[in-house]
2 protein chains.
Amino acid sequence: MKIALLLSLLLLATTSSLRAESAVEQWGVFEVSLSGPTNGNPFTEVQFSARFFQGPQSVIADGFYDGGGSYRVRFMPDKPGEWHYLTRSSCAQLNGRTGEFRVTPPSAANHGPVRVAHVYHFAYADGTPYEELGTTCYGWIHQRKALQEETLQTLAGAPFNKLRMCVFPKWYDWNTNEPILYPYEGTPPRAWDTTRFNPVFFQHLEQRILDLQRLGIQADVILFHPYDGGHWGFDRMPAVSDDLYLRYLTARLSAYRNVWWSLANEWDFMKQKDESDFVRFGEIVAAHDPYHHLLSIHNGAKIFNNTLPWITHASIQNGMAVESPASAELYRDVYRKPVVYDEVKYEGNIPRRRGNLTPPELVFRFWNGVVAGTYVGHGETYLSPDNILWWSKGGVLKGQSPARLAFLRKVLADAPPEGIDPVDKWQDAKYGGQPGKYYLIYFGKATPKSWKFLLPKPSSASGVTLTNGAQFTAEVLDTWDMTVTPVPGTFTLQATTDYGYADQDGRTIDLPEKPYLAIRIKRVIP
Amino acid sequence: MKIALLLSLLLLATTSSLRAESAVEQWGVFEVSLSGPTNGNPFTEVQFSARFFQGPQSVIADGFYDGGGSYRVRFMPDKPGEWHYLTRSSCAQLNGRTGEFRVTPPSAANHGPVRVAHVYHFAYADGTPYEELGTTCYGWIHQRKALQEETLQTLAGAPFNKLRMCVFPKWYDWNTNEPILYPYEGTPPRAWDTTRFNPVFFQHLEQRILDLQRLGIQADVILFHPYDGGHWGFDRMPAVSDDLYLRYLTARLSAYRNVWWSLANEWDFMKQKDESDFVRFGEIVAAHDPYHHLLSIHNGAKIFNNTLPWITHASIQNGMAVESPASAELYRDVYRKPVVYDEVKYEGNIPRRRGNLTPPELVFRFWNGVVAGTYVGHGETYLSPDNILWWSKGGVLKGQSPARLAFLRKVLADAPPEGIDPVDKWQDAKYGGQPGKYYLIYFGKATPKSWKFLLPKPSSASGVTLTNGAQFTAEVLDTWDMTVTPVPGTFTLQATTDYGYADQDGRTIDLPEKPYLAIRIKRVIP
């Protein structure tokens, strides 16, 4: 066995460059790189994959051609220990190659890929809760290098842990510059050989995904979008090109732990595609990503059938649903999946109603979404003489919401690991939390002078019971001024109606008659 | 051919009673009744069906045993003219029987069964719009005869055109009387032979469905419900009994044009069933109802997957969604089917929050649903010394909402045949209507002093364009006081922003500073 391994390694050393050395951390990227043919069309004519295995467990990953005679296949191990691989290829030179590598435990900042947890929420693979708080820079990787660096610098100081970004460049209002790189061989703007990818484009994309990973940010990679309008034509390729692209992209990116797949932005605005095309796209991605990264599809005016089994969470555009927690929570019941409002209009001042929310209005929408047990996405569209709007190109953030979203993120980090759910469903939407344990009560635009302490009786479905005498503490949160003010003393429950518990002394909490207040209530564990 | 027919008819005359004579109107019930065996268990041991055909078109309908040696098979013809039938049975006596009958055009009040129309709405089979306005008397057919008659008399003077009603009796708060009839042979309360139906029970059910039909009311027949709690055990029969019951019921009722199927009330509260049971139920009903009557399933706390193809419309319980049109419209996008809020809490005064809405609150919820392009259901729960609450037993209506719902029904009858849709989706939910043609603007609890005339620019998806100079009339509707006040003169459009048209003279409409006002705007057709 050891001799076989040695032979394998020797063979590899002679014919390929094994980029990742023979040790890689769990949820890192192990890559097998082999030299192979350059004649014909290596992107379409060479089948190449590998099986990675440890004991009875095995994963098959597609390989890809990376130009210059290099063929690679990548693997994200989900367990430490010794792993082996065996390649398969239609080309003898790439076929039957074997190797062994050691996977070490993950480093401190590596919690693995993000998964759905507790039906409506997310957690990293190691169980660490992931409280989604995303922003949007659709075309940031297509801008000049210095601007990309500036975007990364901004993100390093911003509260966001997810970024929506397009693979294909964007041609739209305030977005009429050519990208620094093109995904295909050919001549701009429209003469492309869609059977020949440009490896440098994809290497750059990967580098940016890794840059985000280092910042603790999930890359919500948008595979198709309508903001091409035929300028380059990446929105209207034939089906065979679409499918080839999806297989190439899943082969390249699946092993990166911070990748999420967003099949499309505003899928229904892509008039050259049918709904059935997106079903096919979803099935291709689901079948070829061996790790089943989060997979969603973002709508324009027409919401996709998010009940389909390969859709992991609902990625919703709705300009109105988060105007109240009562409406924000409705999609949860329908999908029984996490609901991420990836577009709720943007903070900004463009003369379009999709992009002229005031900062308090956007923060208000986030909080409505939070107490409704959903997640809300940020975007910023302030006009700028250089036409650099964060929403599309990145750069610097000019708005006032990010600081408040940083405050919100701290609140979320302090919430129960099961996430925040509506606790008085279809009755009083301002209560989020985990019944019996933790409550976040958001008053929105109301300006209450006081609030009489009242907790809803947990539903029988929750499995939680409250009893008279249980004790809670309270804090007043000013979500705009970013303050947390503890309320002195504790509150002791006494049932008042069939539906609620008040404080036994009938205590109320004084409030400063301002909008955007919340109260956080936590159980005192004796 | 004529001789063959004559022979068939002669044969039929000797061995069976052909209840429906040889002429029946379109969408009426044609019934073949034959005598057959009474030994063994005729409900389970005899297969019996018939094919009804006219030229190349044919419909296969299941027959059923109606007791006393009578076997029947019913057919609802959807075309006038000559029809033929041929029976099939496992019993020679019932097999191969043929006949011919004439179908006449429908009578004036007969518009056929109700179907989905314009994606989100309903129409009768002859194209007449059907504006759903339902109420609920779950157990009315199980009460004493005089009370049933009183219920029918009340319905004759009420605005409702749909009634939700259970097949099985109800055992619940204010509902602990035994029914007048039981669906099975056996001994109350729990010793039933679920392989032997009680035909008299079902004949009575059919009679009540016909009584409703005469009043122009759709019977939303609820096939299962949890309000048995094991008292009779109809909520916890074995799967084989459930399935037999569904086949028996679809065989008996499918030919009645005003039947709708509601698989369950609060399906998820039936703890002895799984979600998969209801999928099976739905598939059975869809497969055995040859006419594909409207088919839905009503939820408790957990919403069913209403995207399933055999579900024709979403039947939703949600105590909060219709508190605003903004939330009421959300399910439409998800399902792309009509949304019927069959339970939004009730007008009444029971000490449960599901049944203590004030009359204005219930009417408010209806109007929110209407401008959101959905339909809302009525229920009434006023405490009564005789424990007769309309919601369950029928009797008389005591509330103040029905008069206002009659007013609403008149408004709906005057609306465009395509129905009312949200016209400024995800932006301004108070506008319902058909863009360019008809608008209903509902102000809910706001008490405006005036309203500046403003119509949203139709979305490009609507295919409608408005231009400066188009003229409209307006009326002020007081939805509580039930008045319609025309606004003098006309309004002439002039584009003001990218999103709207105002009146060219900037006209406003004076309003009486009361809640529950609406404005109706209609295009002046030159």
Note on segment A:168-319: C-alpha Rg/Rh, Kirkwood Rh, two decimals, gives 0.93
Could you list, bin by bin from short to long, the percent of Cα-Cα pairs of segment B:346-434 in 10 Å steps? 17, 41, 27, 13, 2
Count, for each residue of B:312-323, the Cβ atoms from other chains sitting within 10 Å of its Cβ, then give me the mean as a whole number. 3
P(r) of segment B:425-470 in 10 Å steps, Cα pairs, percent per bin? 21, 55, 20, 4
Rg and Dmax of segment A:156-217, Cα atoms, in Å? 14.1, 41
Considering Cα pairs under 8 angstrom that are at least six residues apart, work out the relative contact order of chain B and quote it in whole percent. 11 percent
If we count every other residue with Cβ under 13 angstrom of A:Pro179's Cβ, Lys/Arg +1 and Asp/Glu -1, where does the sum land? +3
Dimensionless Rg ratio for segment B:64-136, taking C-alpha atoms and the 2.2 N^0.38 Å reference: 1.56
Accessible area of segment A:124-254 belonging to carbon and sulfur atoms, whole % at 1.4 Å probe: 52 percent
For the protein assembly as shown, the convex hull over Cα atoms projects on average to an area in nm² of 51.1 nm²
I'm checking a number: the convex hull volume of the Cα atoms of segment A:450-508, normalised per residue, in Å³. What is it? 103 Å³
Taking placed amide H atoms and a strict 5 Å upper bound, the residues 5 or more places from A:Ala117 or on another chain that come that close are A:Phe122, A:Ala123
Neighbourhood net charge (12 Å Cβ-Cβ; Lys/Arg +1, Asp/Glu -1) for B:Val200: -3
Å² of accessible area per residue within segment B:386-526, as computed with a 1.4 Å probe and no ligands counted: 44 Å²
Distant-in-sequence amide H partners of B:Gly500 (H built 1.01 Å from N, under 5 Å): B:Lys457
Once every Cα of segment B:373-526 carries one equal point scatterer and solvent is ignored, give the base-10 log of I(q)/I(0) from the Debye formula at q = 0.16, 0.21 Å⁻¹, two decimals. -0.91, -1.43
Taking r as the C-beta separation of B:Arg523 and B:Lys79 and R0 as 45 Å, the FRET efficiency to the nearest 0.05 is 0.75
On the protein heavy atoms, probe 1.4 angstrom, tell me the percent of accessible surface of segment A:345-481 carried by carbon and sulfur. 52 percent
Segment A:178-298, accessible area per residue, ligands and nucleic acids excluded (1.4 Å, Å²): 32 Å²
Name the long-range amide H neighbours of A:Tyr184: under 5 Å, sequence gap of 5 or more, or other chain; modelled H, no Pro or chain starts. A:Asn198
J(HN,Hα) series, segment A:470-475, from Karplus relation 6.51 cos²θ - 1.76 cosθ + 1.60, nearest Hz, glycine and proline x: 5, 10, 9, 10, 9, 9
Between A:Lys514 and A:Asp173, how many nm apart are label points set 7 Å from Cα along the C-beta direction? 3.3 nm
Looking at chain A, I'd like the Rg to Rh ratio, where Rg is from alpha-carbon atoms and Rh is Kirkwood's inverse mean 1/r. 1.02
Segment A:107-203: radius of gyration and largest Cα-Cα distance (Dmax), Å: 17.2, 49
From phi via Karplus (6.51, -1.76, 1.60), per-residue ³J(HN,Hα) for segment B:415-428 in Hz, x at Gly/Pro: 7, x, x, 6, x, 9, 10, x, 10, 9, 3, 6, 10, 9
Give, ordered by residue number, each residue of segment A:325-352 whose 1.4 Å probe accessible area is reduced by a minimum of 20 Å² on adding the remaining protein chains to the chain alone. A:Ala326, A:Ser327, A:Leu330, A:Tyr331, A:Asp333, A:Val334, A:Arg336, A:Lys345, A:Arg352
What aspartates and glutamates does A:Lys393 reach when the alpha-carbon gap must be under 14 Å and sequence neighbours fewer than 8 apart in one chain are set aside? A:Glu149, A:Glu150, A:Asp173, A:Glu178, A:Glu380
Extended-chain gain in nm, criterion 0.36 nm per residue less alpha-carbon gap, A:Val200 and A:Val116: 27.0 nm
Which value, in Å² rounded to 10, gives the accessible area of B:Val29 with a 1.4 Å probe and all protein chains present? 40 Å²
Filter the cross-link list A:Lys445/B:Lys445; A:Lys457/B:Lys398; A:Lys273/B:Lys437; A:Lys337/B:Lys430; B:Lys410/B:Lys437; A:Lys452/A:Lys514 down to pairs whose alpha-carbon distance in this structure exceeds 20 Å. A:Lys457/B:Lys398; A:Lys273/B:Lys437; A:Lys337/B:Lys430
Quote the total accessible area buried by chains A and B together, excluding ligands, DNA and RNA, probe 1.4 Å, nearest 100 Å². 3100 Å²
Dividing the alpha-carbon radius of gyration of segment B:291-341 by 2.2 N^0.38 Å, where N counts its residues, gives 1.11
To check my understanding: the extent here is largest minus smallest coordinate of the Cα atoms along each principal axis. What are those three numbers for segment B:321-395, in Å, largest first? 44, 20, 17
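Local charge sum around A:Asn95 (other residues, Cβ-Cβ under 13 Å, Lys/Arg +1, Asp/Glu -1)?
On the way: positive: A:Arg51, A:Arg88, A:Arg97; negative: none.
Neighbour charge sum, excluding A:Asn95 itself: +3.
The values are calculated or read from the model by the stated rules, or taken from the named source; none is laboratory data. The structure presented is a predicted model; accordingly, all values stated were derived computationally and were not measured. Note: ideal-geometry Cβ built from the backbone for every residue, glycine included; neighbour counts use all protein chains shown. Heavy atoms of the whole protein, side chains included, go into the accessibility calculation; ligands, DNA and RNA do not. Shrake-Rupley method; radii C 1.70, N 1.55, O 1.52, S 1.80 Å.
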